[in-house]
Amino acid sequence: MAIILGVESTAHTFGVGIVKNGKILVNVKDTYTTEKGGIIPIEAARHHEQKKYGVYEEALRQSGTKERDIDAIAFSQGPGLAPCLLVGMRFTKEIAEKLRVPIIPVNHCIAHIEIGRVTGAKDPVMLYASGANTQIIAYAAGKFRIFGETLDVGVGNFIDSFARYAGIGFPGGPRIQEMAEKGHALIDLPYKVKGMDVAFSGILTNLKQKIESGKYNVNDLAYSLQEVVFAMLVETAERAMAHTGKKELLLGGGVGCNKRLQEMCEIMCRERGAKFFVPSNDLLTDNGSMIAYTGEIMFKSGISEKINGLDIKPRQRTDEVEVSWR
Ligand code: ATP
Ligand code: FE2
């Protein structure tokens, strides 16, 4: 029996989740948003600083967990924005010291993958589509291997930038989805798949010019953006499935909340006799539960660290991590 608390703070969200034997007891989060413009790292860190105790206490209260019942604390070690990561790590050290429990450093991207286990997916190809990352991943021989990825920005950041040009604040994804549902004309946009990789910056420039020209309906642009960019993601994911022979697709990361992307994945899987899995929205966007959930799996396999010498890893890559727990 283990109770693991997980702390998430890599970017816009400060979250605390508690997991007991693979069961999520609570998932509390507070997200930094803007009316206009993108994330300013220092402001997001300030947000986390202000909210951390409140989120933590709310998680304990809602789940009826006593501090003395906590066996270990997992935290998001990276990748992410350094000022935000520091708030999470310092908070984790403070609580771990007070409770005299070990710390489990968790890679944020791997947590986005591992939380997919709640869906029942066993050995999937994973389409990880989030703010800063876009990767096609599958597990093989001790590591999560990257089969394809974005050559520039993450698909979420790309959508958020488009939203910013359209005068919408952060996060742009949910609003763009609403606008896309109102659009219907498919406007020609560049389609950028290079081998197994994708690229978004050229499409963004093209969209920016189209907005500035004033000749296009913004809902139609949002609709076309989704159709084209999600087709790029589904195409590369399908190719990875064909290559690896895997029969499951797992969608993860915040952009995975998008209903049209889910639908396109579903259709592709149906057509090739594969199964499609996607966690609920509260587990797709950044949250502490995915950190606690992954932390518990790692803890049970014997992974934990002492406070001394522990540091953040703002640039850690998915395929750098030795996955000894699978
Ligand atoms: P990373 O995991 O790469 O570090 P992140 O932690 O910033 O990035 P997540 O919290 O996983 O990312 O996802 C946030 C992103 O998801 C934002 O870019 C947001 O616009 C996008 N998003 C959320 N909901 C939707 C939606 N319905 N459609 C499209 N994008 C969405
Ligand atoms: Fe994330």
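The values are calculated or read from the model by the stated rules, or taken from the named source; none is laboratory data. Keep in mind the model is a prediction, meaning the values are calculated, not measured. Neighbour counts run over all protein chains shown; Cβ positions are idealised from the backbone, glycine included. Side chains included, ligands, DNA and RNA excluded: accessible areas come from the protein's heavy atoms. Shrake-Rupley method; radii C 1.70, N 1.55, O 1.52, S 1.80 Å.
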**Request:** Please indicate, with yes or no, whether at least one residue in region 58-80 is within 16 Å of ligand 2 (Cβ to nearest atom) and open to solvent by 40 Å² or more (accessible area, probe 1.4 Å).
**Result:** no
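A quick yes/no check of all residues on (1) β-branched (Val, Ile, Thr); (2) in contact with a His (Cβ under 9 Å, 6 or more places away or on another chain); (3) closer than 21 Å to Gly80 by Cα:
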| residue | (1), (2), (3) |
| --- | --- |
| Val106 | yes, no, yes |
| Tyr128 | no, yes, yes |
| Arg145 | no, no, yes |
| Leu151 | no, no, yes |
| Phe158 | no, no, yes |
| Gly169 | no, no, yes |
| Lys192 | no, no, no |
Taking region 249-264 and the residues there that are in a helix (DSSP H, G or I) and within 17 Å of the chain's Cα centre (by Cα), the one that is nearest to ligand 2 (Cβ to nearest atom) would be Gly254
Scanning region 162-181 for residues that are under 19 Å from Gln209 (Cβ atoms), in a helix (DSSP H, G or I), open to solvent by 10 Å² or more (accessible area, probe 1.4 Å) and of a type outside the set (Lys, Arg) gives Tyr165, Met179
Check: Looking at Leu186, is it within 16 Å of ligand 2 (Cβ to nearest atom) and either crowded, with 16+ Cβ neighbours inside 10 Å or at pLDDT 95 or above (or both)?
Finding: no
Of those in region 95-142 that are buried (at least 17 other Cβ atoms within 10 Å of the Cβ) and charged (D, E, K, R), the residue nearest to ligand 1 (Cβ to nearest atom) is Glu114
Note on region 247-257: residues open to solvent by 10 Å² or more (accessible area, probe 1.4 Å) and over 15 Å from Met290 (Cα atoms) are Lys247, Glu248, Val255, Cys257
Could we say that Val255 is within 16 Å of ligand 1 (Cβ to nearest atom) and either at pLDDT below 95 or out of contact with any Lys or Arg (no Cβ under 8 Å at 6 or more places or on another chain) (or both) here? yes
Residues of region 144-161 being open to solvent by less than 60 Å² (accessible area, probe 1.4 Å) and either among the basic types (Lys, Arg) or assigned to a helix (DSSP H, G or I) (or both), in sequence order, are Val155, Gly156, Phe158, Ile159, Asp160, Ser161
Discussion item. Any residue at all in region 199-217 that's basic (Lys, Arg), open to solvent by 40 Å² or more (accessible area, probe 1.4 Å), under 30 Å from Phe144 (Cβ atoms) and touching a helix residue (DSSP H, G or I) at 6+ places or on another chain (Cβ under 8 Å)?
Written reply: no
Output for Cβ contacts, cut-off 8 Å, separation at least six or different chains, first residue free of Cβ contacts under 8 Å to residues at least 40 places away in the same chain in region 54-69, second among the basic types (Lys, Arg) and part of a helix (DSSP H, G or I), reads Glu67/Lys98
Of the candidates Ile203, Ile168, the one satisfying the condition of being over 20 Å from the mean Cα position of the chain (by Cα), closer than 27 Å to Cys269 by Cβ and within 16 Å of ligand 1 (Cβ to nearest atom) is Ile203
Filter region 272-318 for residues that are among the acidic types (Asp, Glu), at pLDDT 95 or above and surrounded by 13 or more Cβ atoms within 10 Å (Cβ to Cβ); the one that is farthest from Asn133 (Cα to Cα) is Glu296
The one condition Cys84 fails out of (1) open to solvent by 10 Å² or more (accessible area, probe 1.4 Å); (2) within 16 Å of ligand 1 (Cβ to nearest atom) is (1)
